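The block underneath contains the structure these notes are about, expressed in structure tokens.
The values are calculated or read from the model by the stated rules, or taken from the named source; none is laboratory data. Since this is a predicted model, take the numbers as computed values, not measurements. Methodologically, a virtual Cβ is constructed for each residue, glycine included, from the backbone with ideal geometry; neighbour enumeration extends over all protein chains shown. Heavy atoms of the whole protein, side chains included, go into the accessibility calculation; ligands, DNA and RNA do not. Shrake-Rupley method; radii C 1.70, N 1.55, O 1.52, S 1.80 Å.
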Amino acid sequence: MRKKVFQILVDNTPGVLSRISGLFSRRGYNIESISAGVTADPRFTRITIVASGDDDILEQIEKQVRKLVDVRDIRELKPEESVYRELAMIKVRADDNMRQNVIAVTNIFRGSIIDVAPDSLMIEITGNQGKVDAFLRLLHGYEILELARTGIAGLGRGTEHIVYID
Amino acid sequence: MTGADAIVKCLEQEHVEVVFGYPGVAITPFYNSILSTDIRTILVRQEQNAAHAASGYARITGRTGVVAVTSGPGAENLITGIATAFADSIPMVCITGQVDSKLMGSDVFQEADISGAVESFVKYSYIVRDAKDIPRIFKEAFHIAATGRKGPVLIDIPIDIQEDNLNKFVYPEDAKMRTYKPTVQGHIVQIKKVIRELSKAKRPILCVGGGVHLSGAKDEVIAFVEKNRIPVVCTMMGLSVMPTHHPLFYGMVGNNGQAYGNRAMNQADMIVMVGARVADRSISQPDLITENKVLVHIDVDPAEIGKNTQPAIPLVGDIGSIFKNFNELEYESDYSEWVDVLNKYRTEGENRKSAALKMAVTNQSRMQGADPVAFIRTLSLAMEEDAVYVADVGQNQLWSCANCVIRKGRFMTSGGMGTMGYAIPAAMGAKIADPSRQVVAVCGDGGFQMVMMELGTMRQYDIQAKVVVIRNKVLGLVRQYQHYHYHDHFSVIDLGDYPRIDRLTEAYDMHYYKVEDNQNIRKVVDAFLDDPVSSILEVFIDPNETA
Ligand SMILES: Cc1ncc(C[n+]2csc(CCOP(=O)(O)OP(=O)(O)O)c2C)c(N)n1
């Protein structure tokens, strides 16, 4: 099993997300995360999918996705040529005694406290998946009340692989 | 002009000759507008059969079949037909009426999310939200259905959109699609690589599939193999690419194929798959075919290549275009030794078959009724040279595939989905596509009863397709499976004695013929085929026959 990050550029047609996710589910491909948002050109949406499987499966994923009528482009975002980011929001139980400790850990990871309540804190942290995972490990001793992760978004470095849209 | 008028105009622009369908309120605006054109409409008796008929039509004409049905139950009945067409890559545009767009999503009467339901077995689908999009959507739909790997496209149109007014109608010159651009031309480097490998190979074989028919590439492929004397086998969908008795043809491969065809595949040192999937039915162990062999896979669908096994040389593109390139390239080859070996296998195999057949027809086999193999042989030889043979699903299909003799004709069947009840409506579509050709549907008594309501359609429109029912009074192929895998523990396969087809033909003013043993098969078949009145031939066989 390997993991691959795919960047998919699709026509912003109704139902396009369900077409992509439906393809993954019916063919039994594993999605680790998926994130999507409109591009600078509102006609297109960029989807980042982290998928896992053996080499044959990963190759099939690329081919089957490329075959979908709405898909403009699919490419692998190779780790060495790309930047990935994920945002996580974490609500941790923290009373007066614990608050400073949580804030300290957050600062080390350059996270920020985005909401404070008498018995909890909400933290925002952005980074590649490794960083988010490491941060969550550090919070091990605390009670995580709620967690929301966006899944990763990514872009290739430099101007070499940009798809120009007519 | 209304949206419905616009739809009809689009069909005219696409030179659509016939629409197969079934109305209901949600599609009445369309069926109202179509009256003012020359486009023929055929009212089938169940929506599934509209899709099968459109499929038969598409296979014979090479053009896109068109279907129009109503919302909810109408569209739902169509689903099996769409899935069947998708599995065999048949170009088709399915128009479904839909409830009022303002009510969509609120579960009103006869609302079904048909585009959602068929998502995984259409090439693409549209929900029309604005009447002014109709010309663009239809242009795109016909383009998508008939290019690249062909397939069904669904257009769902709410009734209010059909009734809306369109200020102006401009049919686009071409489909300007930003994302959809199928590969047509084969890559020249890959093409030359294939030729180079062929010149090195000692024992090459071509395995042709349904893609050759879909691309209309039969002549180019035959020209190539004849020029270079390359042996050919086929998959079920590739039957009738090569005439059965072509000297370079070694039959169908796979579980139900000819032993000598499979042997040829096993012994080859180079296999060229042409418009054929490396699918479970034809190649039971895909890994085996790459062992000690150079595998070339030619397909218009890049996703099909490497799906089940990795070829040494993938070649993506339209088969017709690629073989045109092949034919322009010269190379030296001499496979005569290999051909001699295969000829020997074929002669042995055919001799064995003839001997078995002789035993069967002289009633040394303890079977009752007619021998199905003898019957299929005789039927196919009695048919006109360019006739269309449509096989249904079940034992009858396997007998047909392995024994029907094709000369200049066409063989078709539901290969990918194996949908019982395909043959009769598909034969109707084929006959409508080309009334000058003889069309014969061969089905089992199970498959026949799934679609026998279409006899009404055949009579009403005087569609002169011939129907053969192989009568074993059981769901033969399932019974055979239970025989082998459950030691004759038969369950839910008995069809009983009804209907009485002789009486059924009476109800439809058709003529009835029957074959009950091996005497006079040819005489009855000739009379049946020559009869100008629509007729059914019932062939009684023993339920214990195995295919
Ligand atoms: C719509 C559909 N339902 C069920 C099956 C499963 N099935 C495959 S062959 C077969 C038996 C077909 O019986 P019949 O039409 O009498 O043909 P025979 O095998 O006897 O020649 C069945 C039930 C199928 N292929 N299609």
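Residue count for segment B:158-179, restricted to those that are within 11 Å of chain A (Cβ to nearest Cβ) and of a type in the set (Phe, Trp, Tyr): 0. For A:Ile144, are the conditions met, namely being surrounded by 11 or more Cβ atoms within 10 Å (Cβ to Cβ), within 28 Å of A:Ile49 (Cβ to Cβ) and of a type in the set (Val, Ile, Thr)? Here the answer is yes, as A:Ile144 does meet what is asked. Output yes when any residue across segment B:406-423 is within 11 Å of the ligand (Cβ to nearest atom) and over 19 Å from the mean Cα position of the chain (by Cα), and no when none is. No, the conditions are met nowhere in segment B:406-423. Residues in segment B:356-397 that are surrounded by fewer than 22 Cβ atoms within 10 Å (Cβ to Cβ) and within 16 Å of the ligand (Cβ to nearest atom) were compared, and the one that is farthest from B:Val468 (Cα to Cα) is B:Met367. Among the residues of segment A:1-54, those that are of a type in the set (S, T, N, Q) and either facing chain B (nearest Cβ under 10 Å) or on the phi > 0 side of the Ramachandran plot (or both) comprise A:Thr13, A:Ser18, A:Ser25.
Counting only helices (runs of 4 or more DSSP H) that fall entirely inside segment B:324-408 and contain at least 3 residues that are over 22 Å from B:Asp531 (Cβ atoms), the qualifying elements are B:336-361, B:395-403. As for segment B:173-192, it holds no residue that is crowded, with 19+ Cβ neighbours inside 10 Å, of a type in the set (D, E, K, R) and assigned to a loop (DSSP other than H, G, I, E, B).
Checked against (1) at pLDDT below 95; (2) over 14 Å from B:Gly210 (Cα atoms); (3) of a type in the set (Ser, Thr, Tyr), B:Thr244 meets all criteria but (1). Is it true that some residue in segment B:146-157 is basic (Lys, Arg) and within 11 Å of chain A (Cβ to nearest Cβ)? For segment B:146-157, residues basic (Lys, Arg) and within 11 Å of chain A (Cβ to nearest Cβ): present. Restricting attention to segment B:127-139, the residues that are open to solvent by 20 Å² or more (accessible area, probe 1.4 Å) and either more than 13 Å from every other protein chain (Cβ to nearest Cβ) or not in a strand (DSSP E or B) (or both) total 6. Is it fair to say B:Val339 is away from the ligand (no atom under 16 Å from the Cβ), more than 30 Å from B:Tyr57 (Cβ to Cβ) and open to solvent by 10 Å² or more (accessible area, probe 1.4 Å)? It is true that B:Val339 is away from the ligand (no atom under 16 Å from the Cβ), more than 30 Å from B:Tyr57 (Cβ to Cβ) and open to solvent by 10 Å² or more (accessible area, probe 1.4 Å).
For segment B:1-15, the set of residues classified as open to solvent by 20 Å² or more (accessible area, probe 1.4 Å) and either over 15 Å from B:Pro172 (Cβ atoms) or assigned to a helix (DSSP H, G or I) (or both) consists of B:Met1, B:Thr2, B:Asp5, B:Lys9, B:Glu12, B:Gln13, B:His15, listed by residue number.
Scanning for something in contact with a Ser or Thr (Cβ under 7 Å, 6 or more places away or on another chain) and modelled with pLDDT of 90 or more, does segment B:365-379 turn up at least one residue? Yes: segment B:365-379 contains one or more residues that are in contact with a Ser or Thr (Cβ under 7 Å, 6 or more places away or on another chain) and modelled with pLDDT of 90 or more.
Within segment A:90-99, the set of residues being surrounded by fewer than 16 Cβ atoms within 10 Å (Cβ to Cβ) and closer than 16 Å to A:Glu124 by Cα comprises just one member, A:Arg93. Restricting attention to segment B:195-210, does a residue exist that is more than 28 Å from the chain's Cα centre (by Cα) and open to solvent by less than 10 Å² (accessible area, probe 1.4 Å)? Yes. Considering segment B:297-322, the residues that are away from chain A (no Cβ under 14 Å) and in contact with a strand residue (DSSP E or B) (Cβ under 8 Å, 6 or more places away or on another chain) include one that is nearest to B:Lys181 (Cα to Cα), namely B:Gly317.
Meeting the requirement of 2 or more residues that are within 14 Å of chain A (Cβ to nearest Cβ) and more than 14 Å from the chain's Cα centre (by Cα), the helices (runs of 4 or more DSSP H) wholly within segment B:44-126 are B:114-117.
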